[in-house]
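K.L.:
After the structure tokens below, expect a handful of questions from me.
Since every read-out is calculated from the coordinates, none of them should be taken as a lab result. The model shown is predicted, which means the values in this text are computed figures rather than measured ones. Every residue, glycine as well, gets a Cβ built from its backbone with ideal geometry; the counts of neighbours run over all protein chains shown.
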Amino acid sequence: FHGRHAAFQAECIAAREMEREEAGGPVLQLEPDIKRSFGGLRDIHLIRWLGFAYHDVCDIDSLRLRGLLSKEDARRLTIAADHLWGYRIDLHLQAGKAADVLTREQQLRLAAQQSVSGAAGLRPVERLMQDYFRHSLAVAEIAGRFVAQHQRPTRMQRALNFLTTVRIDQIYRIRSGAVDVPRRFRQRVCGSLEGMLKIYLTAARFQVLPTERVLDWIKTRVPKDAAPLSWEASRCFLQFLATPGKIGHLLRSMYQTGVLEAVLPDLRHARCLLQFNQYHSYTVDEHTLRTIEAVESFAADLGPVGQAARDIRHREILHLALLLHDAGKGFEEDHSEVGRRLALEAAARLHLSDSQRDLL
């Protein structure tokens, strides 16, 4: 492959994207194909293929020792790979042939076989699948970052980036459809939740996404505890939610980096949460993000729905309500009653006025 690394990489990525689409696309399927679905074994293979082509090593530990994977990413990949292989081997032995789809029937069998216990509001099979989806989501995120790490711009692209770069407040750089922060400013900007939210607010205003380098910095520095929100952080988040254009995509990024859960800790419970019935097509978190993306798309509608969407005065409260509308699922009590309490807590946390709280 010497001399054609770029072509090989493009072929690998294109093949993997096609395979993902055939298996359901970039979402957490409720009956996942352990090999081909989003976050499946093929994403681990993609990391290994690119690692071998570029660096002559393909196992996770060697990639970590070369500095190509962080210690945490290598740990998460190893654990996830063990789980995915375990499920796949079990399905093969159970079927007596190749079988990669984790159907509802197999999910129930595995939950019983592994003696998974239920919890308040969660069935054993729902806990089993929440664990599965957390592993597959980690694999997909790490694979995405690893691919981006190896996508180097050509000389022409670098020259074009230099000529078209827009500087904001002497800190942020808008180029190639993304917002970047120069290395000398990253510690200062990405060192606090307020700084991270300002990056996302800047991205929303220019309808771009943060670069992979910035996302890596954010992901390793995002607060893990549920500390009170400062007035500045709250104001920045609400301004972000009120900015039209690309909020759905940016919220997905914010969710992947952990920033969204740092702002709204109650969303952690819904991460990769499955409702085991015939009425749902997505996990609770995926459904929530797709809801906001769908509502955002209404603004382009030429009929009365579009007119109503464009006339909304408090867009930030609508988007906040959509973020919270299913956060009460997975508890023993009716999720709308739990959700009401979560909305009151979020209103206090975000320093909303009484009228904003009541509207929420």
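K.L.:
Among all stretches of the chain without exposed trypsin sites (Lys or Arg not before Pro) (DSSP loop, at most 14 other Cβ atoms within 10 Å), which one is longest? Each step should come with its number before you reach the end.
P.N.:
Working: sites that count: R4, R66, K97, K224, R313.
It runs 98-223.
K.L.:
Which number gives the lysine pairs in the chain that have C-alpha atoms under 30 Å apart and are eight or more places apart or on different chains?
P.N.:
Value for the chain: 15.
K.L.:
Pop out the ³J(HN,Hα) list for the stretch 329-345 in order, Karplus 6.51 cos²θ - 1.76 cosθ + 1.60 with θ = phi - 60°, rounded to Hz; leave Gly and Pro as x.
P.N.:
Once rounded to whole Hz, the list reads 6, x, 10, 5, 6, 3, 5, 6, 6, 4, x, 4, 5, 5, 5, 5, 5.
K.L.:
What does the net charge come to around R183 if you take all other residues with beta carbon closer than 13 Å to its beta carbon, with K and R at +1 and D and E at -1?
P.N.:
Local net charge: +3.
K.L.:
Of all the stretches in the chain, which is the longest one without any exposed loop site, taking chymotrypsin sites (Phe, Trp or Tyr not before Pro) in a DSSP loop (any state but H, G, I, E, B) with at most 11 other Cβ atoms within 10 Å? Could you put the intermediate results ahead of the total?
P.N.:
Details: sites that count: F1, Y279.
Of all site-free stretches, the longest is 2-278.
K.L.:
Given that just one value was derived from the coordinates, which of (i) 61, 57, 43; (ii) 66, 49, 38; (iii) 79, 55, 41 is Cα extents along the principal axes in Å?
P.N.:
Read-out taken from this structure: (i).
K.L.:
Residue farthest toward the positive end of the dipole of the chain, with Cβ of Lys/Arg at +1 and Asp/Glu at -1: which of G191, Q113, H325?
P.N.:
Working it through, the farthest residue towards the positive pole turns out to be G191.
K.L.:
How much mean residue ellipticity at 222 nm does the chain get from its helices, if each DSSP H run of length 4 or more adds -39500 (n - 2.57) and you divide by all residues, to the nearest 500 deg cm²/dmol?
P.N.:
On the way: 18 runs with 222 residues, N = 360.
Roughly -19500 deg cm²/dmol at 222 nm, from the helical runs in the chain.
K.L.:
Could you tell me which residue out of Y200, H92, V284 lies farthest along the dipole of the chain toward its positive end? Charges go on the beta carbon: Lys and Arg +1, Asp and Glu -1, centred on the Cα centre.
P.N.:
Farthest towards the positive pole: Y200.
K.L.:
Further, regarding this structure: Could you give the dipole magnitude of the chain about its Cα centre, charging the beta-carbon of Lys and Arg +1 and that of Asp and Glu -1, in debye to the nearest 20?
P.N.:
Once rounded to the nearest 20, the dipole reads 1560 debye.
K.L.:
Now, a different point. I need the Kirkwood Rh of the stretch 171-273: take the reciprocal of the average 1/r across all distinct C-alpha pairs and report it in angstrom.
P.N.:
13.6
K.L.:
Sticking with this one: I'd like the distance between the alpha-carbon centres of the stretch 328-347 and the stretch 67-115, rounded to an integer number of Å.
P.N.:
Measuring centre to centre over Cα atoms gives 32 Å.
K.L.:
Identify, among M18, T211, A74, the residue whose Cα sits farthest towards the positive end of the charge dipole of the chain, taking +1 on the Cβ of Lys and Arg and -1 on the Cβ of Asp and Glu, with the dipole about the Cα centre.
P.N.:
The listed residue farthest towards the positive side: T211.
K.L.:
What does the C-alpha gyration tensor say about the overall shape of the stretch 1-128? Classify as rounded when a/c is under 1.5, otherwise prolate if a/b is larger than b/c, or oblate. Don't skip to the end; give the middle numbers.
P.N.:
Values: a/c = 2.40, a/b = 1.77, b/c = 1.36.
It is prolate, given that a/c is not under 1.5 and a/b is the larger ratio.
K.L.:
Let me ask you something else. Please state the shape class of the stretch 198-355: rounded when a/c is under 1.5, otherwise prolate if a/b exceeds b/c and oblate if not, all from the C-alpha gyration tensor.
P.N.:
Note, shape of the stretch 198-355 comes out rounded.
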